[in-house]
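The values are calculated or read from the model by the stated rules, or taken from the named source; none is laboratory data. All values derive from a computational prediction rather than experimental measurement. Cβ: placed from backbone, ideal geometry, glycine included. Neighbour counts: every protein chain shown. Note: accessible area is taken over every heavy atom of the protein model, side chains too, but ligands, DNA and RNA are not part of it. Shrake-Rupley method; radii C 1.70, N 1.55, O 1.52, S 1.80 Å.
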Amino acid sequence: QVQLVESGGGSVQAGGSLRLSCVVSGDTSSRYYMAWFRQAPGKEREGVAIINTSGGATTYADSVKGRFTISKDNAKNTLYLQMNSLKSEDTAMYYCAAKYPYYGWNLRPTDFRYWGQGTQVIVSL
């Protein structure tokens, strides 16, 4: 039983930055892989980044490498996504998600059991 709540979305100009947060509540004692996904209207949900339980391993989608950073603070039960050099193509609803490690190290949406409600990111030209 896990609840995820995202925050930090908003509207920014291209080249700007945002930091998204995802607070985890409920069963925070279990081991999870955490990830950020995004979905633009009419497009499939795509994985942005994934991080392991300790925070020591990460993987990024090619489209965000070098611009986004996923991190977490286990003491605060919070996941972060720092987004720099934002592009109009980054406009989407952003979701945090959690899965148990036995589902593997990947960004397959169906493997993630828990999802937040999303936070909107709009990047204007």
Single condition LEU86 does not satisfy, out of (1) within 15 Å of GLY8 (Cα to Cα); (2) open to solvent by 50 Å² or more (accessible area, probe 1.4 Å); (3) of a type outside the set (Asp, Glu); (4) assigned to a loop (DSSP other than H, G, I, E, B): (2)
Which residue pairs have Cβ atoms closer than 7 Å, lie 6 or more positions apart in sequence or on different chains, and pair a first residue in the range 15-31 that is surrounded by 11 or more Cβ atoms within 10 Å (Cβ to Cβ) with a second residue that is aromatic (Phe, Trp, Tyr)? ARG19/TYR80; LEU20/TYR80; LEU20/TYR94; SER21/TYR80
Neighbours by Cβ (under 6 Å, 6+ apart or cross-chain): first from the range 84-99, of a type in the set (D, E, K, R); second assigned to a strand (DSSP E or B): ASP90/VAL123; LYS99/TYR33
Just need a number here: residues in the range 52-81 that are surrounded by 13 or more Cβ atoms within 10 Å (Cβ to Cβ), closer than 15 Å to VAL23 by Cα and out of contact with any helix residue (DSSP H, G or I) (no Cβ under 9 Å at 6 or more places or on another chain). 8
Is the range 101-112 home to any residue that is open to solvent by less than 50 Å² (accessible area, probe 1.4 Å) and assigned to a strand (DSSP E or B)? no
